[in-house]
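In what follows, a structure is listed as C-alpha coordinates, so that the remarks can point back to it.
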Amino acid sequence: MAKVTRDDVARLAGTSTAVVSYVINNGPRPVAPATRERVLAAIKELGYRPDRVAQAMASRRTDLIGLIVPDARQPFFAEMAHAVEWAASERGKMVLVGNSDYVGEREVHYLRAFLGMRVSGLILVSHALNDLAAAEIDAWDARVVLLHERPEAMDDAAVVMDDLGGAKDAVRHLLDHGYPYVACMGGTAETPAVGDPVSDHVEGWRRAMDEAGISTEGRLFEAPYNRYDAYRVALDILSGPRRPPAVFCSTDDQAIGLLRAARELRIDVPGELAVAGFDDIKEAALADPPLTTIASDRSAMARAAVDLVLDDGLKVAGSRRERLKVFPSRLVVRRSCGCE
(Lines give C-alpha, C1' and ligand atoms only; values in the text may rest on other atoms or scores of the structure.)
Protein backbone atom coordinates (compact mmCIF):
# COMPACT_ATOMS: atom_id res chain seq x y z
CA MET A 1 0.00 0.00 0.00
CA ALA A 2 1.46 3.38 -1.07
CA LYS A 3 2.37 5.82 1.66
CA VAL A 4 -0.12 8.67 2.04
CA THR A 5 1.55 12.04 1.45
CA ARG A 6 0.71 15.64 2.18
CA ASP A 7 -0.03 16.09 -1.54
CA ASP A 8 -2.74 13.40 -1.28
CA VAL A 9 -4.37 15.26 1.61
CA ALA A 10 -4.25 18.55 -0.28
CA ARG A 11 -5.87 17.01 -3.39
CA LEU A 12 -8.70 15.42 -1.40
CA ALA A 13 -9.31 18.61 0.61
CA GLY A 14 -9.12 20.79 -2.50
CA THR A 15 -6.41 23.04 -1.13
CA SER A 16 -2.63 23.53 -1.23
CA THR A 17 0.03 21.57 0.64
CA ALA A 18 0.97 24.81 2.42
CA VAL A 19 -2.52 25.05 3.91
CA VAL A 20 -2.30 21.40 5.00
CA SER A 21 0.96 22.29 6.78
CA TYR A 22 -0.68 25.26 8.51
CA VAL A 23 -3.45 22.98 9.81
CA ILE A 24 -1.05 20.27 11.00
CA ASN A 25 1.32 22.72 12.68
CA ASN A 26 -1.34 25.15 13.96
CA GLY A 27 0.31 27.94 11.99
CA PRO A 28 2.15 30.07 11.23
CA ARG A 29 -0.75 31.39 9.13
CA PRO A 30 -4.43 31.17 10.09
CA VAL A 31 -6.76 28.82 8.20
CA ALA A 32 -10.48 29.41 7.68
CA PRO A 33 -12.61 27.07 9.87
CA ALA A 34 -14.34 25.46 6.88
CA THR A 35 -11.01 24.78 5.17
CA ARG A 36 -9.53 23.40 8.38
CA GLU A 37 -12.45 20.99 8.71
CA ARG A 38 -11.92 19.77 5.11
CA VAL A 39 -8.23 19.18 5.74
CA LEU A 40 -8.87 17.32 9.02
CA ALA A 41 -11.53 15.20 7.34
CA ALA A 42 -9.10 14.33 4.53
CA ILE A 43 -6.38 13.43 7.04
CA LYS A 44 -8.80 11.10 8.83
CA GLU A 45 -10.12 9.50 5.63
CA LEU A 46 -6.67 8.85 4.18
CA GLY A 47 -5.06 7.89 7.51
CA TYR A 48 -2.29 10.41 6.99
CA ARG A 49 0.46 10.52 9.63
CA PRO A 50 2.89 13.49 9.52
CA ASP A 51 6.62 12.72 9.44
CA ARG A 52 7.67 14.41 12.66
CA VAL A 53 11.36 13.80 12.06
CA ALA A 54 11.22 15.58 8.70
CA GLN A 55 9.25 18.41 10.27
CA ALA A 56 11.83 18.80 13.01
CA MET A 57 14.69 18.86 10.51
CA ALA A 58 12.94 21.50 8.42
CA SER A 59 11.99 23.76 11.33
CA ARG A 60 15.03 22.96 13.51
CA ARG A 61 12.52 22.44 16.33
CA THR A 62 10.74 19.37 17.65
CA ASP A 63 7.33 18.96 19.27
CA LEU A 64 9.14 18.32 22.54
CA ILE A 65 9.45 20.35 25.71
CA GLY A 66 12.30 19.52 28.07
CA LEU A 67 11.53 19.48 31.80
CA ILE A 68 14.30 19.20 34.38
CA VAL A 69 13.31 18.59 38.00
CA PRO A 70 15.44 17.89 41.09
CA ASP A 71 13.83 14.53 41.95
CA ALA A 72 10.67 13.13 40.36
CA ARG A 73 10.45 10.54 43.14
CA GLN A 74 9.33 13.31 45.47
CA PRO A 75 5.54 13.66 45.24
CA PHE A 76 5.57 17.43 44.73
CA PHE A 77 7.83 17.22 41.67
CA ALA A 78 5.96 14.18 40.35
CA GLU A 79 2.66 16.06 40.54
CA MET A 80 4.22 19.14 38.94
CA ALA A 81 5.69 17.06 36.10
CA HIS A 82 2.30 15.47 35.50
CA ALA A 83 0.66 18.90 35.36
CA VAL A 84 3.27 20.12 32.85
CA GLU A 85 2.69 17.03 30.70
CA TRP A 86 -1.06 17.70 30.58
CA ALA A 87 -0.55 21.37 29.77
CA ALA A 88 1.94 20.50 27.03
CA SER A 89 -0.41 17.95 25.47
CA GLU A 90 -3.08 20.65 25.21
CA ARG A 91 -0.61 22.56 23.02
CA GLY A 92 0.27 19.49 20.91
CA LYS A 93 3.63 18.93 22.61
CA MET A 94 5.28 16.02 24.42
CA VAL A 95 7.52 16.28 27.47
CA LEU A 96 10.97 14.83 28.14
CA VAL A 97 11.80 14.64 31.86
CA GLY A 98 15.26 14.62 33.42
CA ASN A 99 16.17 14.37 37.11
CA SER A 100 19.09 16.51 38.28
CA ASP A 101 19.13 14.86 41.73
CA TYR A 102 20.16 18.28 43.11
CA VAL A 103 23.53 17.86 41.33
CA GLY A 104 24.74 20.72 39.15
CA GLU A 105 26.66 18.46 36.75
CA ARG A 106 23.55 16.37 36.06
CA GLU A 107 21.54 19.52 35.44
CA VAL A 108 24.08 20.65 32.83
CA HIS A 109 24.02 17.15 31.30
CA TYR A 110 20.27 17.32 30.72
CA LEU A 111 20.45 20.92 29.54
CA ARG A 112 22.92 19.94 26.84
CA ALA A 113 21.02 16.78 25.91
CA PHE A 114 17.60 18.45 25.63
CA LEU A 115 18.86 21.56 23.86
CA GLY A 116 20.82 19.36 21.48
CA MET A 117 17.54 17.62 20.62
CA ARG A 118 16.18 21.01 19.54
CA VAL A 119 13.30 21.00 22.00
CA SER A 120 10.69 23.70 21.46
CA GLY A 121 11.49 25.03 24.92
CA LEU A 122 12.86 24.11 28.30
CA ILE A 123 11.11 24.29 31.67
CA LEU A 124 13.60 24.22 34.48
CA VAL A 125 13.04 23.51 38.17
CA SER A 126 16.53 24.29 39.43
CA HIS A 127 17.62 23.91 43.02
CA ALA A 128 20.70 26.12 42.64
CA LEU A 129 21.53 26.88 39.02
CA ASN A 130 25.28 27.30 38.62
CA ASP A 131 27.13 29.65 36.27
CA LEU A 132 28.00 26.80 33.88
CA ALA A 133 24.32 25.90 33.40
CA ALA A 134 23.40 29.55 32.91
CA ALA A 135 26.18 29.93 30.32
CA GLU A 136 24.97 26.79 28.53
CA ILE A 137 21.49 28.26 28.19
CA ASP A 138 22.88 31.55 26.89
CA ALA A 139 25.11 29.75 24.39
CA TRP A 140 22.11 27.95 22.85
CA ASP A 141 19.96 31.10 22.97
CA ALA A 142 17.38 28.76 24.48
CA ARG A 143 13.74 29.39 25.27
CA VAL A 144 13.70 28.75 29.02
CA VAL A 145 11.10 29.23 31.73
CA LEU A 146 11.89 28.70 35.39
CA LEU A 147 9.19 26.93 37.37
CA HIS A 148 8.74 26.84 41.16
CA GLU A 149 12.18 28.36 41.77
CA ARG A 150 14.05 31.38 40.42
CA PRO A 151 17.81 31.08 41.00
CA GLU A 152 19.73 34.34 41.15
CA ALA A 153 22.04 33.12 38.34
CA MET A 154 19.24 33.55 35.80
CA ASP A 155 16.89 36.32 34.79
CA ASP A 156 14.66 34.26 32.49
CA ALA A 157 10.88 34.19 32.67
CA ALA A 158 9.62 32.42 35.77
CA VAL A 159 6.43 30.98 37.23
CA VAL A 160 6.40 30.78 41.02
CA MET A 161 4.00 30.95 43.93
CA ASP A 162 3.87 33.22 46.97
CA ASP A 163 6.09 30.97 49.08
CA LEU A 164 6.92 33.58 51.70
CA GLY A 165 3.31 34.65 52.20
CA GLY A 166 2.11 31.05 52.36
CA ALA A 167 4.65 30.17 55.04
CA LYS A 168 3.60 33.18 57.11
CA ASP A 169 -0.04 32.09 56.87
CA ALA A 170 0.78 28.56 58.06
CA VAL A 171 2.83 29.76 61.04
CA ARG A 172 0.28 32.43 62.02
CA HIS A 173 -2.41 29.75 61.97
CA LEU A 174 -0.41 27.58 64.35
CA LEU A 175 0.26 30.53 66.65
CA ASP A 176 -3.43 31.43 66.63
CA HIS A 177 -4.06 28.06 68.29
CA GLY A 178 -2.17 29.39 71.31
CA TYR A 179 1.06 27.42 71.00
CA PRO A 180 3.86 29.34 72.75
CA TYR A 181 6.13 29.04 69.72
CA VAL A 182 6.52 27.21 66.42
CA ALA A 183 9.73 25.44 65.43
CA CYS A 184 10.70 25.17 61.77
CA MET A 185 12.08 22.26 59.79
CA GLY A 186 13.98 24.09 57.05
CA GLY A 187 16.37 22.95 54.34
CA THR A 188 20.00 21.86 54.48
CA ALA A 189 23.25 23.79 54.50
CA GLU A 190 23.24 23.53 50.69
CA THR A 191 19.86 25.28 50.34
CA PRO A 192 20.42 28.59 48.48
CA ALA A 193 19.83 31.63 50.65
CA VAL A 194 17.97 33.45 47.84
CA GLY A 195 15.65 32.30 45.07
CA ASP A 196 14.76 28.95 46.60
CA PRO A 197 11.21 28.22 47.86
CA VAL A 198 12.44 26.55 51.05
CA SER A 199 14.51 29.64 51.88
CA ASP A 200 11.33 31.68 51.43
CA HIS A 201 9.43 29.26 53.68
CA VAL A 202 12.02 29.72 56.40
CA GLU A 203 11.92 33.51 55.96
CA GLY A 204 8.12 33.44 56.17
CA TRP A 205 8.40 31.50 59.44
CA ARG A 206 10.89 34.04 60.82
CA ARG A 207 8.67 36.99 59.93
CA ALA A 208 5.55 35.43 61.43
CA MET A 209 7.42 34.69 64.65
CA ASP A 210 8.98 38.18 64.73
CA GLU A 211 5.61 39.83 64.20
CA ALA A 212 4.27 37.82 67.14
CA GLY A 213 7.22 38.93 69.28
CA ILE A 214 8.52 35.36 69.65
CA SER A 215 12.19 34.40 69.41
CA THR A 216 13.37 32.05 66.65
CA GLU A 217 16.74 31.32 68.28
CA GLY A 218 17.48 27.60 68.45
CA ARG A 219 14.16 26.73 66.83
CA LEU A 220 15.24 26.20 63.20
CA PHE A 221 16.29 22.65 62.32
CA GLU A 222 18.12 21.64 59.16
CA ALA A 223 16.57 18.70 57.33
CA PRO A 224 16.58 17.20 53.82
CA TYR A 225 13.40 17.72 51.80
CA ASN A 226 12.39 14.06 51.55
CA ARG A 227 10.37 12.17 54.16
CA TYR A 228 12.92 9.41 54.77
CA ASP A 229 15.81 11.62 55.87
CA ALA A 230 13.44 14.11 57.51
CA TYR A 231 12.04 11.24 59.57
CA ARG A 232 15.49 10.56 61.06
CA VAL A 233 15.99 14.25 61.86
CA ALA A 234 12.52 14.36 63.42
CA LEU A 235 13.33 11.45 65.73
CA ASP A 236 16.15 13.52 67.24
CA ILE A 237 14.01 16.67 67.49
CA LEU A 238 11.04 14.96 69.13
CA SER A 239 13.02 12.76 71.52
CA GLY A 240 15.13 15.64 72.83
CA PRO A 241 14.60 17.47 76.12
CA ARG A 242 13.12 20.57 74.42
CA ARG A 243 10.46 19.08 72.22
CA PRO A 244 8.60 21.88 70.40
CA PRO A 245 4.83 22.23 70.85
CA ALA A 246 4.34 22.90 67.12
CA VAL A 247 6.42 22.48 63.97
CA PHE A 248 6.15 24.11 60.57
CA CYS A 249 7.76 21.92 57.89
CA SER A 250 9.04 23.48 54.67
CA THR A 251 7.67 20.59 52.61
CA ASP A 252 4.82 18.13 53.04
CA ASP A 253 7.29 15.30 52.56
CA GLN A 254 9.21 16.52 55.63
CA ALA A 255 5.93 16.76 57.56
CA ILE A 256 4.99 13.19 56.65
CA GLY A 257 8.38 12.01 57.94
CA LEU A 258 7.79 14.02 61.13
CA LEU A 259 4.35 12.45 61.62
CA ARG A 260 5.89 8.99 61.28
CA ALA A 261 8.51 9.83 63.91
CA ALA A 262 5.83 11.17 66.27
CA ARG A 263 3.80 8.00 65.87
CA GLU A 264 6.81 5.82 66.70
CA LEU A 265 7.55 7.93 69.79
CA ARG A 266 3.89 7.72 70.83
CA ILE A 267 3.45 11.49 70.63
CA ASP A 268 -0.15 12.41 69.95
CA VAL A 269 -0.73 14.74 66.98
CA PRO A 270 -2.27 17.25 67.45
CA GLY A 271 -2.83 16.68 71.20
CA GLU A 272 0.87 16.95 72.13
CA LEU A 273 2.34 18.25 68.89
CA ALA A 274 0.86 20.40 66.12
CA VAL A 275 2.20 20.09 62.58
CA ALA A 276 1.80 22.06 59.35
CA GLY A 277 3.46 21.48 56.01
CA PHE A 278 3.81 23.15 52.63
CA ASP A 279 2.84 22.00 49.08
CA ASP A 280 -0.49 20.18 49.58
CA ILE A 281 0.60 17.01 47.81
CA LYS A 282 -2.26 14.55 47.36
CA GLU A 283 -0.95 12.36 50.17
CA ALA A 284 -1.33 15.21 52.67
CA ALA A 285 -5.08 14.59 52.87
CA LEU A 286 -4.44 10.90 53.66
CA ALA A 287 -1.76 11.46 56.30
CA ASP A 288 -2.49 10.38 59.88
CA PRO A 289 -3.79 12.81 60.98
CA PRO A 290 -4.62 14.71 57.77
CA LEU A 291 -2.02 17.42 57.26
CA THR A 292 -2.66 21.15 57.43
CA THR A 293 -0.63 22.69 54.64
CA ILE A 294 -0.25 25.42 52.01
CA ALA A 295 -1.60 24.80 48.51
CA SER A 296 -0.98 26.30 45.09
CA ASP A 297 -2.75 25.83 41.77
CA ARG A 298 -0.15 23.55 40.16
CA SER A 299 -2.23 23.00 37.04
CA ALA A 300 -2.47 26.75 36.41
CA MET A 301 1.24 27.20 37.13
CA ALA A 302 2.15 24.40 34.71
CA ARG A 303 -0.10 25.84 32.02
CA ALA A 304 1.45 29.29 32.50
CA ALA A 305 4.96 27.82 32.20
CA VAL A 306 4.09 25.92 29.00
CA ASP A 307 2.39 28.96 27.48
CA LEU A 308 5.39 31.13 28.31
CA VAL A 309 7.96 28.71 26.89
CA LEU A 310 6.01 28.35 23.63
CA ASP A 311 5.22 32.05 23.32
CA ASP A 312 7.13 33.76 20.48
CA GLY A 313 7.39 36.86 22.67
CA LEU A 314 9.33 35.08 25.39
CA LYS A 315 12.69 36.50 24.33
CA VAL A 316 11.36 40.04 24.02
CA ALA A 317 13.02 42.30 26.54
CA GLY A 318 10.96 43.22 29.53
CA SER A 319 11.36 44.07 33.17
CA ARG A 320 12.02 41.36 35.72
CA ARG A 321 8.54 41.92 37.14
CA GLU A 322 6.89 41.54 33.71
CA ARG A 323 8.65 38.20 33.19
CA LEU A 324 7.65 36.87 36.60
CA LYS A 325 4.26 35.25 37.20
CA VAL A 326 3.44 34.81 40.89
CA PHE A 327 0.51 32.60 41.87
CA PRO A 328 -1.22 33.01 45.24
CA SER A 329 -0.90 30.48 48.04
CA ARG A 330 -3.81 29.09 50.05
CA LEU A 331 -4.03 27.67 53.58
CA VAL A 332 -5.62 24.22 53.69
CA VAL A 333 -6.76 23.42 57.22
CA ARG A 334 -6.88 19.80 58.38
CA ARG A 335 -6.52 18.05 61.75
CA SER A 336 -2.74 18.03 62.26
CA CYS A 337 -2.75 21.64 63.49
CA GLY A 338 -5.43 21.06 66.13
CA CYS A 339 -8.50 21.99 64.08
CA GLU A 340 -11.35 19.52 64.09
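The values are calculated or read from the model by the stated rules, or taken from the named source; none is laboratory data. Not measured: the values here are computed from a predicted model. When we count neighbours, we look across all protein chains shown, and the Cβ atoms used for this are built from the backbone with ideal geometry, even at glycine. Areas reflect the complete protein model, heavy atoms only, side chains present, ligands, DNA and RNA absent. Shrake-Rupley method; radii C 1.70, N 1.55, O 1.52, S 1.80 Å.
Numerical summary
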item: Some residue of the stretch 176-183 being in the same structural domain as F248 (by the TED database), part of a helix (DSSP H, G or I) and modelled with pLDDT of 95 or more; result: yes
item: Residues (open to solvent by 10 Å² or more (accessible area, probe 1.4 Å), of a type in the set (G, A, S) and without any contact (Cβ under 8 Å) to a residue 60 or more places away in the chain) located in the stretch 284-300; result: A285, A287, A300
item: Qualifying residue in the stretch 308-329 (condition: modelled with pLDDT of 95 or more, buried (at least 19 other Cβ atoms within 10 Å of the Cβ) and either among the β-branched types (V, I, T) or under 23 Å from V125 (Cα atoms) (or both)); result: yes
item: Residue check for A223: in contact with a strand residue (DSSP E or B) (Cβ under 7 Å, 6 or more places away or on another chain), crowded, with 23+ Cβ neighbours inside 10 Å and over 22 Å from D176 (Cβ atoms); result: yes
item: Filter pass, D71 being touching a strand residue (DSSP E or B) at 6+ places or on another chain (Cβ under 8 Å), of a type in the set (D, E, K, R) and at pLDDT 90 or above; result: yes
item: Any hit, the stretch 197-204, residues being in contact with a strand residue (DSSP E or B) (Cβ under 6 Å, 6 or more places away or on another chain), at pLDDT below 95 and closer than 27 Å to D311 by Cβ; result: no
item: Failed item in (1) open to solvent by 10 Å² or more (accessible area, probe 1.4 Å); (2) farther than 18 Å from D307 by Cα; (3) outside any helix (DSSP H, G or I), with F76 passing the rest; result: (3)
item: Within the stretch 25-52, tally of residues that are touching a helix residue (DSSP H, G or I) at 6+ places or on another chain (Cβ under 8 Å) and under 24 Å from T62 (Cα atoms); result: 11
item: Count of the stretch 226-253 residues which are farther than 12 Å from A183 by Cβ and open to solvent by 20 Å² or more (accessible area, probe 1.4 Å); result: 10
item: Residue satisfying all of: in the stretch 286-300; in a loop (DSSP other than H, G, I, E, B) and within 15 Å of the chain's Cα centre (by Cα); nearest to A167 (Cα to Cα) among these; result: S296
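Per-residue answers, yes or no, for (1) in the same structural domain as A81 (by the TED database); (2) part of a helix (DSSP H, G or I); (3) touching a Phe, Trp or Tyr at 6+ places or on another chain (Cβ under 6 Å):
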| position | (1), (2), (3) |
| --- | --- |
| T216 | no, no, no |
| A223 | no, no, no |
| Y228 | no, yes, no |
| G257 | no, yes, yes |
| V269 | no, no, no |
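Every residue, every condition in (1) over 25 Å from S120 (Cβ atoms); (2) among the polar types (S, T, N, Q); (3) assigned to a helix (DSSP H, G or I), yes or no:
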residue: D8; (1), (2), (3): yes, no, yes
residue: L12; (1), (2), (3): yes, no, yes
residue: S21; (1), (2), (3): no, yes, yes
residue: P28; (1), (2), (3): no, no, no
residue: Y48; (1), (2), (3): no, no, no
